[in-house]
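S.K.: First the structure, then my questions, so here it is.
The values are calculated or read from the model by the stated rules, or taken from the named source; none is laboratory data. Because the structure is predicted, anything quoted here is derived from the model rather than measured. Note: ideal-geometry Cβ built from the backbone for every residue, glycine included; neighbour counts use all protein chains shown. For accessibility, only protein heavy atoms count, side chains too; no ligands or nucleic acids. Shrake-Rupley method; radii C 1.70, N 1.55, O 1.52, S 1.80 Å.
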Amino acid sequence: LSPMNYGEVWMQGCDFGITHFISDKLIIDGNVSWYGTTEFFNELTKRNDPINAPEWKWNASLKWNSSIGDVIFNFRHVDAFKWTDGIWDGVIGPYNVLDLYYTYHMTKNLDFNVSALNINNNIHKELVGGANMGRQIVMRFTSTF
């Protein structure tokens, strides 16, 4: 049944974002998304199919460029929503994720980066049939030239 043409549909939603530059080294950012269309009627199955997206989600971040490196703190919330894709069917969320990123500029051309993703260890799936997402720590060196 996929891909399926639903014909003429009405979709609605709204995104609102704001960024505040406290200084050239400190930035606060956030956004809220509302998706008012959460399902469509499927003529073949005679039932409503989910749009595979949450009605509400939001995030906020704080970015600081300091003398000891760059720091980003990010919070993300996703409401629960229905998911259907082929044999996969279920509910995703809700979940809240806290991320922390740090970059140390070793030289003009070499950076060291540590990303602590989902530091609150909120075990969740971001798609039905996918892996459980938990805390991840990623370290890397980046060279630019």
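S.K.: Go through (1) β-branched (V, I, T); (2) farther than 19 Å from N31 by Cβ; (3) touching a strand residue (DSSP E or B) at 6+ places or on another chain (Cβ under 8 Å) one by one and return the number of the condition I87 breaks.
M.R.: The number of the failed condition is (3).
S.K.: Test V114 against the stated conditions and say whether it is β-branched (V, I, T), more than 23 Å from Y35 (Cβ to Cβ) and free of Cβ contacts under 8 Å to residues at least 40 places away in the same chain.
M.R.: yes
S.K.: Among the residues that make up the range 58-73, is at least one of them touching a strand residue (DSSP E or B) at 6+ places or on another chain (Cβ under 9 Å), in contact (Cβ under 8 Å) with a residue 40 or more places away in the chain, over 23 Å from I137 (Cβ atoms) and surrounded by 12 or more Cβ atoms within 10 Å (Cβ to Cβ)?
M.R.: Checked against the condition, which is being touching a strand residue (DSSP E or B) at 6+ places or on another chain (Cβ under 9 Å), in contact (Cβ under 8 Å) with a residue 40 or more places away in the chain, over 23 Å from I137 (Cβ atoms) and surrounded by 12 or more Cβ atoms within 10 Å (Cβ to Cβ), the range 58-73 yields no hits at all.
S.K.: Another question, if that's okay. So W88 fits all but one of (1) surrounded by fewer than 13 Cβ atoms within 10 Å (Cβ to Cβ); (2) in contact with a Gly (Cβ under 6 Å, 6 or more places away or on another chain); (3) more than 24 Å from L127 (Cβ to Cβ); what number is the exception?
M.R.: W88 satisfies every listed condition except (3).
S.K.: Quick one: in the range 3-39, of everything that is within 23 Å of G130 (Cβ to Cβ) and open to solvent by less than 100 Å² (accessible area, probe 1.4 Å), which residue is modelled with the highest pLDDT?
M.R.: S33
S.K.: Which pairs turn up if I take residues in the range 8-20 that are within 12 Å of V32 (Cα to Cα) and look for partners that are open to solvent by 70 Å² or more (accessible area, probe 1.4 Å) with beta carbon separation below 6 Å, at least 6 apart in sequence or on another chain?
M.R.: Filtered contacts from the range 8-20: G13/W34; C14/W34.
S.K.: Sticking with this structure for a sec: Quick one: which residue in T37, T107, T103, T19 is in a loop (DSSP other than H, G, I, E, B) and closer than 30 Å to T144 by Cβ?
M.R.: Of the residues listed, the single one that is in a loop (DSSP other than H, G, I, E, B) and closer than 30 Å to T144 by Cβ is T107.
S.K.: A further question follows. Being part of a loop (DSSP other than H, G, I, E, B), on the phi < 0 side of the Ramachandran plot and either modelled with pLDDT of 95 or more or buried (at least 16 other Cβ atoms within 10 Å of the Cβ) (or both) narrows it down to one residue among A116, A53; which is it?
M.R.: A53
S.K.: How many of the residues in the range 66-79 are at pLDDT 95 or above and assigned to a loop (DSSP other than H, G, I, E, B)?
M.R.: Summing the residues that are at pLDDT 95 or above and assigned to a loop (DSSP other than H, G, I, E, B) in the range 66-79 gives 1.
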